[in-house]
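The values are calculated or read from the model by the stated rules, or taken from the named source; none is laboratory data. Only a predicted model underlies this, so the values are computations on that prediction, with no experimental measurement involved. Methodologically, a virtual Cβ is constructed for each residue, glycine included, from the backbone with ideal geometry; neighbour enumeration extends over all protein chains shown. Keep in mind that these areas ignore ligands, DNA and RNA; they rest on the heavy atoms of the full protein, side chains included. Shrake-Rupley method; radii C 1.70, N 1.55, O 1.52, S 1.80 Å.
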Amino acid sequence: MTSRRNFVKNSVVAGLSATLLPSVATAAVPAVAPKTRWKHWVWTNPDAKDTEQQLAERYRKYYEAGVRGIFFEADSEKHCRAAKAQKLEAHRWIWTMNRGEKSLLQAHPEWYAVSRTGKSCATHPPYVDYYRWLCPSREEVKKYLEDDYAAALKKDYVDGVHLDYVRFCDVILPVNLWDKYNIVQTSELPEYDFCYCSVCKAAYKAEHGIDIDTVQYPEASPSWRLFRYQRVNRVVERLMKVAQQYKKPMTAAVFPTPDIAHRNVKQDWVNWNISGVCPMIYHGFYKENVAWIGQAVAEGVQALNGKFPLYAGLFLPDFKNNQEVQQGITNALRNGAAGVSLFGDVSDGALLALKTASAQVSTAQ
């Protein structure tokens, strides 16, 4: 499967579609994963060429391995109904603040976020061409997003929605991407610092009595930082109300830990009120080892304090083999994750790693 998340896909190792990971050497596990509290997910982009038979077989394997829901990046009734037929939840995975639709760019360039240098994402996207970030302060943007999510939620084959890019642009990239973009981000560079549009600046002045243009080092201002956390939080609040109207859950893909989310993308997911989060604990992006997955999960679980479940997002191309996949899943579950969400080639070997880790952690508990 390919994904529209090209920034992620092209930034590190390419997908694993060409080869399967080697088999995991593990103890025998049940033919069907034991009934536990784990709820595992898969991120995927549905392929129109998939046949009904292929989907039935694929989703049956997912369920047997312990997967209970799929985040579909495109709207495909065929894929959603095929997943539901195999007892899987079918959720629509939708980009939120990063919206580069040509029609939207042409109709409302004023809706787009502006950097500290005064350049708009509508005309000067940072890093890559598809990075076109909306301003979360604008009422028109929030209404547009509400309508977009409602259109997905009202469909009877959609069980819930999954937010992505619900944040500001990366003011600091994961360290593994610095070489790719020939950049060193040990500080917040102005061309990647958002949003300084007239609406944001006016709202900040109304709330805090400060003209941000008069602040010498705005990136060091605690109140300006908090203001931007709250701008995104309010978007999430509005979208959650839409989901509640349809009596369907809303989850989100977020940055790996509360600290990294704050620092890198001004995202404050601990203070959201949603149905669950999938922190993208992509250890390779941060030049960390597999053990870090458990550390990141523990940090998030502790910060949430039971507010809603955390499902550890794992990037399969970051793992050397399926033994490492199993270790990563084990680390996540032992540190309080309610399950994991897999991105990449969900091979039979990866599914075996998932089933084995889930069974072994359940037995140990």
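In vacuo Debye scattering of the chain, one point per C-alpha: log10 I(q)/I(0) at q = 0.14 Å⁻¹?
-1.21
What FRET efficiency comes out for the pair HIS124/SER221, r = Cβ-Cβ distance, R0 = 30 Å, nearest 0.05? Mind showing how you got there, number by number?
Working: r = 24 Å, r/R0 = 0.79.
The value I calculate is 0.80.
Measure nothing fancy, just the Cα-based angle from helix 139-153's long axis to the longest principal axis of the chain, in degrees from 0 to 90, nearest 10.
Rounded to the nearest ten degrees, it is 20.
With everything on Cα atoms, drop me the angle between helix 322-334 and the longest principal axis of the chain, reported from 0 to 90° to the nearest 10.
Roughly 70 degrees between the two axes.
Enter the angle in degrees (range 0 to 90, nearest 10) between the Cα long axis of helix 291-304 and the first principal axis of the Cα atoms of the chain, meaning the one along which they spread out most.
60
Among PRO109, PHE255, THR44, whose Cα lies farthest out toward the positive end of the dipole of the chain, if unit charges sit on the beta carbon of Lys, Arg (+1) and Asp, Glu (-1)?
THR44
Run lengths n ≥ 4 of DSSP H only: what is the helix-derived mean residue ellipticity at 222 nm for the chain, with -39500 (n - 2.57) per run over all residues, to the nearest 500?
-11500 deg cm²/dmol
In whole percent, how big is the carbon plus sulfur part of the accessible area of the chain, probe 1.4 Å, protein atoms only?
50
Evaluate E = 1/(1 + (r/R0)^6) for GLU191 and ALA303, where r is the Cβ-Cβ distance and R0 equals 25 Å; express this FRET efficiency to the nearest 0.05.
Working: r = 30 Å, r/R0 = 1.22.
Once rounded, the FRET efficiency stands at 0.25.
With a 1.4 Å probe and all protein chains left in place, how much accessible area per residue does the chain have, in Å²? Kindly include the intermediate steps, with their values, before the conclusion.
Details: 15190 Å² over 365 residues.
That works out to 42 Å² for each residue.
Per residue, how big is the convex hull around the C-alpha atoms of segment 119-167? Give it to me in cubic angstrom, could you?
Expressed per residue, the convex hull around the Cα atoms of segment 119-167 is 101 Å³.
Once both labels are modelled 7 Å past Cα along the beta-carbon direction, what's the ALA85-ARG37 spacing in nm?
3.5
Assuming R0 = 45 Å, what is the FRET efficiency of ALA203 and THR51, from their Cβ-Cβ distance, to the nearest 0.05?
The computed FRET efficiency comes out at 0.30.
Provide the gained length on full extension for the span LYS61 to GLU110, in nm with one decimal, where the gain is 0.36 nm per separating residue minus the Cα-Cα distance. Don't skip to the end; give the middle numbers.
Numbers: separation 49, 0.36 × 49 = 17.64 nm, distance 4.67 nm.
Extra length available between LYS61 and GLU110 comes to 13.0 nm.
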